[in-house]
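The values are calculated or read from the model by the stated rules, or taken from the named source; none is laboratory data. Remember, predicted model here, so these are calculated numbers, not experimental data. Positions of Cβ are backbone-derived with ideal geometry, glycine not excepted, and every protein chain shown enters the neighbour counts.
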Amino acid sequence: MRIKLTTKIAKEQRKSALRLLRKLKSEMPADGTCYIAGGAPRDWHHGWGCRDIDIFYCVPSDPEWIPKSFKRLSDTCTYASPYYKNGYIRSVTEYSCTSGTLKYRKVQFIHTTENPLNVIKCEFPISLSRIWMGIDGKIVGSDEYELSYDARIIFELDNKTYNYIYLDKILGRFSQYCFMPHNWEGRRNK
């Protein structure tokens, strides 16, 4: 599903975020890949401004590589993420934007242990998060995302991680959606 943005704020933030993504790609080793995924493109698709930017990246030739030129964004913090126990997150480096359409928003560079697109398409446990933007600037949603968007249902796709911390953050913002847990069996007939 190719996504078209409809609001000015979404288009402006996408443009600023794309500059960050391309800057990251330009400083990475040649085998590095990166995508903006999850909340920002999902919020833009819904016509809102984003709360933060999550950039997923991987550099197979240098597993310890972290972005260096983004320090000018503001304070930096690198940490191992306690929320992911599934092994595909190596570390998270967080910056704060200090200007432009992304001012006051956090930018998280999430270092994955494998190709970030595989992580986004196969490991994100919530259907409404399987949406991404590559360095070409195109925003794409997976089949699960498209079904969620069209049916207005947030599907829990697996329960390998404790998803309710994450769900608690997004359910209130998506009151027009219902939520279907991974283990829901449906209404049983008597």
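Descriptive notes on the structure:
- Test for Tyr83: is it at pLDDT below 90 and in a loop (DSSP other than H, G, I, E, B): yes
- Within region 16-75, the only residue that satisfies the criterion of being buried (at least 17 other Cβ atoms within 10 Å of the Cβ) and among the basic types (Lys, Arg) is Arg42.
- The criterion of at least 1 residues that are under 25 Å from Arg14 (Cβ atoms) is met, among strands (runs of 3 or more DSSP E) falling completely within region 123-190, by 131-133, 139-141, 153-155.
- Count - residues of region 94-122 that are part of a helix (DSSP H, G or I) and among the aliphatic types (A, V, I, L, M): 4
- For region 52-67, a residue qualifies if it is charged (D, E, K, R) and in contact with a helix residue (DSSP H, G or I) (Cβ under 9 Å, 6 or more places away or on another chain), and the qualifying residues are Asp52, Asp54.
- Condition broken by Gly137, with the remaining ones in (1) within 19 Å of Leu167 (Cα to Cα); (2) modelled with pLDDT of 95 or more; (3) touching a helix residue (DSSP H, G or I) at 6+ places or on another chain (Cβ under 8 Å); (4) not hydrophobic (A, V, I, L, M, F, W, C) satisfied: (1)
- Of the residues making up region 3-14, those that are of a type outside the set (A, V, I, L, M), over 16 Å from the mean Cα position of the chain (by Cα) and either surrounded by fewer than 13 Cβ atoms within 10 Å (Cβ to Cβ) or within 21 Å of Thr98 (Cα to Cα) (or both) are Lys4, Thr6, Lys8, Lys11, Glu12.
- Restricting attention to region 23-75 and to residues that are part of a loop (DSSP other than H, G, I, E, B) and of a type in the set (Val, Ile, Thr), the residue that is farthest from Ile170 (Cα to Cα) turns out to be Val59.
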